[in-house]
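Have a look at the structure below before the remarks.
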Amino acid sequence: MTSSLTDPEDLQIKSGSPSTRLTVADLEQLQGILCEAHLDYQLELVEGKIIIMRPSDIVSSEIGAEFGRLLGNWVKPRQLGRVFESSGGFILPNSDQRTPDVSFVTADRLKQSKRYFAELVPDLVVEIKSQSDRLKPLREKILSFIELGAKVGILIDPDERTVTVYTPTAEPVVLRDGDMISIPELLPGWEVAVTELWPIEFE
């Protein structure tokens with residue numbers, strides 16, 4: 001790595017040779033370089049490679065904030081667990097470090113937050129398609145969380161106005177406007193209309 005790098009593509013190429021398996025320590029070093037250069041990029045560590053992710057568009061960001069708000073409004077008063085937004089990183093059992101757009105961890109699994117990445121698999125992961133995203137990598141990311149122990153994964157596609165729910169034991173369920181989102185495996189009683197996720201248009 002070198003602190004003189006400013007282009008994100010450059011950073012990705014020079015963060016390690018093809019035969020080098022990078023670690024969370026390397027990711028943290030690159031995060032420091034980006035911070036010093038005033039570059040706002042989110043990083044993930046996947047199979048020993050650092051992936052640099054550009055900021056999402058504001059529609060996806062607004063949907064993520066709304067989903068997190070609706071979830072948090074149910075979770076916090078009942079002390080059911082913790083809701084994290086798109087900056088919350090998780091170190092997974094396979095040594096990857098990944099960051100869902102929204103995530104939830106039950107209270108019994110994370111009794112106290114600490115000033116570091118959470119070293120566990122979240123119970124719920126949510127990914128929201130940005131304008132430049134392709135759906136296949138988002139599906140693969142969600143399924144990798146499911147394989148590692150996540151109980152529920154949700155993929156939100158603002159372009160198609162769909163919400164796809166993934167679980168370890170059933171086929172994906174596609175929800176559309178008029179349907180309700182629920183997570184009985186984790187949050188019995190919580191329901192949100194799909195239409196509540198989409199940004200409103202002001203008069």
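Quick look at the values:
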item	result
Subset of the range 147-162 (residues that are assigned to a strand (DSSP E or B) and either under 15 Å from the mean Cα position of the chain (by Cα) or not hydroxyl-bearing (S, T, Y) (or both))	V152, G153, I154, L155, I156, D157
Members of the range 132-143 found to be part of a helix (DSSP H, G or I) and within 15 Å of I63 (Cβ to Cβ), listed by number	L138
Any pair with Cβ under 8 angstrom, 6 or more apart, that starts in the range 24-43 at a residue that is modelled with pLDDT of 85 or more and ends at one that is open to solvent by 30 Å² or more (accessible area, probe 1.4 Å) and in a helix (DSSP H, G or I)	L43/Q31
In the range 32-55, the residues that are open to solvent by less than 30 Å² (accessible area, probe 1.4 Å), more than 30 Å from E196 (Cβ to Cβ) and not in a helix (DSSP H, G or I)	L43, L45, V46, G48, I50, I52
Of all residues in the range 145-167 being touching an Asp or Glu at 6+ places or on another chain (Cβ under 8 Å) and not aliphatic (A, V, I, L, M), the one that is farthest from N94 (Cα to Cα)	R161
In the range 158-198, residue farthest from W74 (Cα to Cα) [restricted to those that are open to solvent by 70 Å² or more (accessible area, probe 1.4 Å) and hydrophobic (A, V, I, L, M, F, W, C)]	V173
Residue list for the range 82-99, restricted to those being outside any loop (DSSP other than H, G, I, E, B) and either in contact (Cβ under 8 Å) with a residue 60 or more places away in the chain or among the β-branched types (V, I, T) (or both)	V83, I91, Q97
Qualifying residue in the range 56-64 (condition: under 24 Å from P158 (Cα atoms), under 13 Å from the mean Cα position of the chain (by Cα), free of Cβ contacts under 8 Å to residues at least 24 places away in the same chain and open to solvent by less than 10 Å² (accessible area, probe 1.4 Å))	no
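Conditions (1) part of a helix (DSSP H, G or I); (2) without any contact (Cβ under 8 Å) to a residue 40 or more places away in the chain; (3) in contact with a helix residue (DSSP H, G or I) (Cβ under 8 Å, 6 or more places away or on another chain), marked per residue:
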| position | (1), (2), (3) |
| --- | --- |
| R69 | yes, yes, no |
| K76 | yes, yes, no |
| F104 | no, no, yes |
| K111 | no, yes, no |
| P122 | no, yes, yes |
| S130 | no, no, yes |
| F145 | yes, no, no |
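The values are calculated or read from the model by the stated rules, or taken from the named source; none is laboratory data. This structure is a prediction, so every number in the text was calculated from the model and none was measured. Every residue, glycine as well, gets a Cβ built from its backbone with ideal geometry; the counts of neighbours run over all protein chains shown. With ligands, DNA and RNA removed, areas are computed over all heavy atoms of the protein, side chains included. Shrake-Rupley method; radii C 1.70, N 1.55, O 1.52, S 1.80 Å.
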